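> Please find one structure pasted underneath; my questions will follow.
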Ligand code: QAP
Ligand code: CO
C-alpha cells in the first residue's frame, strides 16, 4: 500500500471517517502501512484520514521518557468512543498534516475510551498525560477536526498568514 500524508489545506482532512465493519486483511494492510509512515515522519500519532482513508482507524506510539519509540508501545485503535472525560490541560500540539506549526491547545486532562483492536476485540483505555492528549487529537481527525480548528480566531488568522508564507517558500525552494 503506497500512502502519502495529506496536508492542510487539503479538504480531505474535513471528511468524517466511517465506522469499520470488517476486521479483515484490508484493514490489517492499512494499519501495517500506517506504522512506517508515522515512524519515518517522526510522528507519535496518525489517523487514517491523514493518509486519505476515511475510516475510524488511528495509531499511537507514545515515546518513553528517554524519547525512544518502541514498537511494543504501538496502540491500534478502531471505532473509538469517549466514555469519560475530566479536567483540563494545555499542551503545545503539532500535526503531521500541518507541518512545522505548533500551538497550545486546551483539552481534557484524562479520557476513557472504548474501541476495537485489529481483530475486532473490544478494548478500553483510561488515559492521562500525553496519551490522553494524543487520543483526543486523533479522535478529532476522525470527526474532520484539526487542532488549528481549536485556536481562537486571532490565533487562527496568525496561523493562516504564517502557513501561507511557509507554503510559498516551500514552492520557490523546489526547482
Ligand atoms: C498528534 O502529532 C499529537 O509539524 C500527533 O514537522 C500532537 O505526531 C499528539 C510532527 C500533540 C499529542 C500531542 C509534526 C512531525 C508530528 C510536525 C504528531 C513535523 C513533524 C506530529
Ligand atoms: Co494530527
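> What number of residues in region 16-41 are in a loop (DSSP other than H, G, I, E, B) and either out of contact with any helix residue (DSSP H, G or I) (no Cβ under 8 Å at 6 or more places or on another chain) or crowded, with 17+ Cβ neighbours inside 10 Å (or both)?
So the answer is 8.
> Same structure again: Restricting the first residue to region 97-115 and requiring it to be without any contact (Cβ under 8 Å) to a residue 12 or more places away in the chain, which pairs with a second residue that is not in a strand (DSSP E or B) meet a Cβ separation below 6 Å and a spacing of at least six or different chains?
102/94
> Among the residues of region 152-164, are any more than 12 Å from ligand 2 (Cβ to nearest atom), farther than 19 Å from residue 102 by Cβ and either at pLDDT below 95 or not in a helix (DSSP H, G or I) (or both)?
No, there is no match, as no residue in region 152-164 is more than 12 Å from ligand 2 (Cβ to nearest atom), farther than 19 Å from residue 102 by Cβ and either at pLDDT below 95 or not in a helix (DSSP H, G or I) (or both).
> Taking the condition of being within 20 Å of residue 116 (Cβ to Cβ) and under 15 Å from the mean Cα position of the chain (by Cα), how many residues in region 10-29 meet it?
Going through region 10-29 one residue at a time, the tally reaches 2.
> With a cut-off of at least 2 residues that are closer than 21 Å to residue 28 by Cα, modelled with pLDDT of 95 or more and touching a strand residue (DSSP E or B) at 6+ places or on another chain (Cβ under 9 Å), name the strands (runs of 3 or more DSSP E) lying wholly within region 63-136.
The qualifying strands (runs of 3 or more DSSP E) are 74-86, 110-116, 122-127.
> Pick from 58, 74, 70: which is in contact with a helix residue (DSSP H, G or I) (Cβ under 7 Å, 6 or more places away or on another chain) and farther than 22 Å from residue 146 by Cβ?
Just one listed residue meets the conditions, 74.
> Here's something else I'd like to know. How many residues does region 87-102 contain that are more than 17 Å from residue 138 (Cβ to Cβ) and more than 8 Å from ligand 1 (Cβ to nearest atom)?
So the answer is 3.
> Regarding residue 170, is this residue modelled with pLDDT under 95, part of a helix (DSSP H, G or I) and farther than 21 Å from residue 19 by Cβ?
yes
> So how many residues does region 42-55 have that are more than 12 Å from ligand 2 (Cβ to nearest atom) and either in contact with a helix residue (DSSP H, G or I) (Cβ under 8 Å, 6 or more places away or on another chain) or within 11 Å of residue 139 (Cα to Cα) (or both)?
The number of residues fulfilling the criteria is 4.
The values are calculated or read from the model by the stated rules, or taken from the named source; none is laboratory data. All values derive from a computational prediction rather than experimental measurement. Neighbour counts run over all protein chains shown; Cβ positions are idealised from the backbone, glycine included.
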